[in-house]
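Taking it in order: structure first as structure tokens, then the write-up.
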Amino acid sequence: MKVSVAYALPERQLWLEVEVPEQATVRDAIEASGLARAYPALDLSTQKVGIFGKLVSLQARLEPG
């Protein structure tokens, strides 16, 4: 399934499309995007994440659309 991962910093915003398997989690999509490699300071243990502006956990399952 194709999903988009967005990451915004004051000086730069990213929008990345990634392919993940069905039943993938938010964490799976973030890891597939390569953001952690590109931004080593990104700490998923403290970073808030969301889907369309609604806060979710890293274990939240993704759905098409």
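Taking residues in the stretch 26-53 that are among the acidic types (Asp, Glu), and partners anywhere that are modelled with pLDDT of 90 or more, the pairs with Cβ atoms closer than 6 Å and at least 6 places apart or on different chains are ASP28/VAL20. Would the stretch 13-25 turn up any residue that is open to solvent by 100 Å² or more (accessible area, probe 1.4 Å) and part of a loop (DSSP other than H, G, I, E, B)? For the stretch 13-25, residues open to solvent by 100 Å² or more (accessible area, probe 1.4 Å) and part of a loop (DSSP other than H, G, I, E, B): present.
The values are calculated or read from the model by the stated rules, or taken from the named source; none is laboratory data. Keep in mind that what you see is a predicted model, and the values were worked out from it rather than measured. Neighbour counts run over all protein chains shown; Cβ positions are idealised from the backbone, glycine included. Ligands, DNA and RNA are excluded from the accessible area calculation, which covers all protein heavy atoms including side chains. Shrake-Rupley method; radii C 1.70, N 1.55, O 1.52, S 1.80 Å.
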